[in-house]
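These notes are about the structure you will find just below.
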Amino acid sequence: MCGIIGYVGHRPCKDLLLQGLERLEYRGYDSAGIALREDDGLDYVRAVGNLRFLKDAAGQNGSGSTTGLGHTRWATHGAVTEQNAHPLTGCDDGKLAIVLNGIVENYRELKGALEADAHTFSSETDAEVVAHLIERHYRGNLTEAVLAAYRELEGHFAFVVIHDDHPDELVGARIQCPLLVGVGDGEMFLASASAAFLRETRQIQLIEDGEIVSITPEGAAFTSVESGAVEREVIDVDWDDEEAEKSGYETFMLKEIYEQPEGVRETIGDRVRHGKLILESLGLSDQQIGNLRRIVILACGTSYHAGVVGRYVIEEWARIPVEPDIASEWRYRNPVLSKDTLVIGISQSGETADLIAAMKLAREKGARTVAITNHMGSQITREVDSVVYTRTGLEVGVAASKTFTAQVALLSLIALKLAQVKRTLPDDEVEFILDELYDLPNRMADFLDGNHPIEEIAQRYYDKPFFLYLGRHIGLPVCLEGALKLKEIAYVPTEAYSAGEMKHGPIALLDQDTPVVCVATDSHVYDKVVSNIQETRARGAHVIAIATDGNEDIQHHADDVIYVPKTPAFLQAVLAVLPLQLLAYRIARLRGLNVDQPRNLAKTVTVE
């Protein structure tokens, strides 16, 4: 989950590297470091903590170096210390250094063999073995040394190496972790994500698993471990560099919460035209859809909660059984699949390690596979039969917001497509739902631009030690997501439960100091939710209800009410989650916390 950036070119690169690391800091901020190729050798700067500590350590002095690399770390192997910060060096007087994202699974065996060969290690990390392996294989050709080292490595990782004897070259490699090339004019970049170099170029080249890439100011050369030299096309990315800026908001997360209407609007986009649904990228023929007997939705974290919403809408509209599951559990369960099963994998980054492994397994077992992701060219897009993209642009805040609502909107489109083909909904109802989906971004904007008691509620409850979230039907995954947000950014212990399960244990947690957040939007289970609310108030708890505009009845049952606009029940998840995101945000800010960089978390989970 670390971030990597490398540069070769004609410009001094110190500031370019630091700017790139700013854009990658969401991937990890335990420590950071840079290596610059100066006239008298490689110069290293490392620091513990977020990027400002590295900037302080690097100082204001200029550097003429035009070749360098940088790293921001999310610790896996080894404590958070300067000793374990990257770049990591070999034994040869610091002439060679690497930065790595991922895990080297066979590092213990490799380290033992290297130590027996008189190599001395200076860190506790698994990544350091890569530097020593390359050093052992180096005979003057850096690419060949990386290729030889790569063949000995096991795991999922991406790394870049710099060598003092190669003043205008960097060499990288990847397997199941992100790394791509940025193509400039007389300069080249290697990075974990295009955000790192978007200020400089929007042209990229993708690196496939099992490939070594060498960049010089003149361009990139790709070598497949299996088949030798390969060519890679140059692709234009359409994300605006300003999307990675805060645009006047106090944090990235708040900016991204308010970008949700546009994210959903873009995701729906031209897929809905004049009441008609166009979803060609789903990659399923009408016959294949007609033959589907089962759908499995795999994801992790926030994407899993979107998948649970997907279960409700697909089963309701398309009448196909759906099983949402956590990818890290499903892949070890020896799952039963067949060719009439569709497996949908959801990942904001497209680099989630557990999900990628699960989708590979699904394909091996003969299922049809589809990915939902926000990132073109990400690893998951190479492991599935087809890809449907959300279109939210960059999401920098570690806690997902706009990608959740876009994923739910996209799953709704998929559900309608399946229903159309299987003829499980009348045409006029499909057209009605499409119209409502098309209008959904406007209703999201109406809520976000309106006046709500969220600030007052946050002021009243921000110091409470525990929150309970209760919902039924589509309100349950909304509660799961709202509770996760409060855990992630405010560090408040929460439980999210089906309201009907409350009496089976969680009610024992309630007392007069417990805030209970209930999703009570209009639906066929509204009366049941009200009954559960009454049970919580009878125990002295304080109820915060999310309700639909115009519902005055709920005011008799809740201490606080936050209203969201009217929309059909099966689309309410997109609206009901907005106040829960804002409530978690305000509580975190009142507690004085950094919502963009919550402790112990990283944006992209590329290790198991």
(message) Apply the Karplus curve 6.51 cos²θ - 1.76 cosθ + 1.60, θ = phi - 60°, to the phi angles in region 79-95 and return the couplings in whole Hz, x for Gly and Pro.
(response) 5, 7, 9, 5, 4, 8, 6, 8, x, 10, 10, x, 8, 7, 6, x, 6
(request) Quick one: check the C-alpha center-to-center distance for region 321-398 versus region 174-220, whole angstrom. (result) 24 Å
(message) Please report the carbon-and-sulfur percent of the accessible area for the chain; probe 1.4 Å, protein heavy atoms only, DNA, RNA and ligands left out.
(response) 44 percent
(message) Keeping every protein chain present and rolling a 1.4 Å probe, give me the accessible area per residue for the chain in Å².
(response) 37 Å²
(message) What's the magnitude of the charge dipole for the chain around its Cα centre, counting Lys and Arg as +1 and Asp and Glu as -1 at the beta-carbon? Answer in Debye, nearest 20.
(response) 1600 debye
(request) Could you run the Karplus curve 6.51 cos²θ - 1.76 cosθ + 1.60 with θ = phi - 60° over region 343-353 and give me ³J(HN,Hα) per residue in whole Hz, x for Gly and Pro? (result) 10, 9, x, 10, 8, 3, 7, x, 10, 5, 4
(request) Work out from phi, with θ = phi - 60° and the Karplus expression 6.51 cos²θ - 1.76 cosθ + 1.60, the ³J(HN,Hα) of each residue of region 124-130, listed in order in whole Hz, and give x for Gly and Pro. (result) 9, 7, 6, 5, 4, 4, 5
(request) For Glu329 paired with His77, estimate the spin-label separation in nm (one decimal), with each label point 7 Å from Cα along the Cα-to-Cβ line. (result) 3.0 nm
(message) Is there a quick way to get the dipole size of region 150-209? I mean about its Cα centre, with the Cβ of Lys and Arg at +1 and of Asp and Glu at -1; what is the value in debye to the nearest 20?
(response) 360 debye
(request) Specify whether the C-alpha gyration tensor of region 319-447 places it in the rounded, prolate or oblate class, a ≥ b ≥ c being the square roots of the eigenvalues: rounded for a/c under 1.5, otherwise prolate if a/b is larger than b/c and oblate if not. (result) oblate
(message) Give me, ordered by chain and number, the residues 5 or more places off Cys518 or on other chains with an amide H under 5 Å from its own placed amide H.
(response) Leu470, Ile544, Ala545, Ile546
(request) Taking amide H positions as placed in the peptide plane 1.01 Å from N, state which residues far from Cys91 in sequence (5 or more) or on other chains have amide H under 5 Å from it. (result) none
(message) Rounding to the nearest 10 and keeping the result within 0 to 90°, find how far the Cα-based axis of helix 572-590 lies from the longest principal axis of the chain.
(response) 60 degrees
(request) Considering only protein heavy atoms, with the full assembly of protein chains and a 1.4 angstrom probe, order Phe432, Phe466 by accessible area, largest first. (result) Phe432, Phe466
(message) What is the angle, in °, between the Cα long axis of helix 402-422 and the longest principal axis of the Cα atoms in the chain? Nearest 10 is fine, range 0 to 90.
(response) 70 degrees
(message) Can you pull out the trypsin sites (Lys or Arg not before Pro) in region 295-370 whose DSSP state is coil and whose Cβ has at most 16 other Cβ atoms within 10 Å?
(response) Arg319, Arg333, Lys339, Lys365
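The values are calculated or read from the model by the stated rules, or taken from the named source; none is laboratory data. Everything numeric here is computed off the predicted structure, so don't read it as measured data. All Cβ positions, glycine included, derive from the backbone under ideal geometry; neighbour counts span all protein chains shown. In case anyone asks, the SASA skips ligands and DNA or RNA and just uses the protein heavy atoms, side chains included. Shrake-Rupley method; radii C 1.70, N 1.55, O 1.52, S 1.80 Å.
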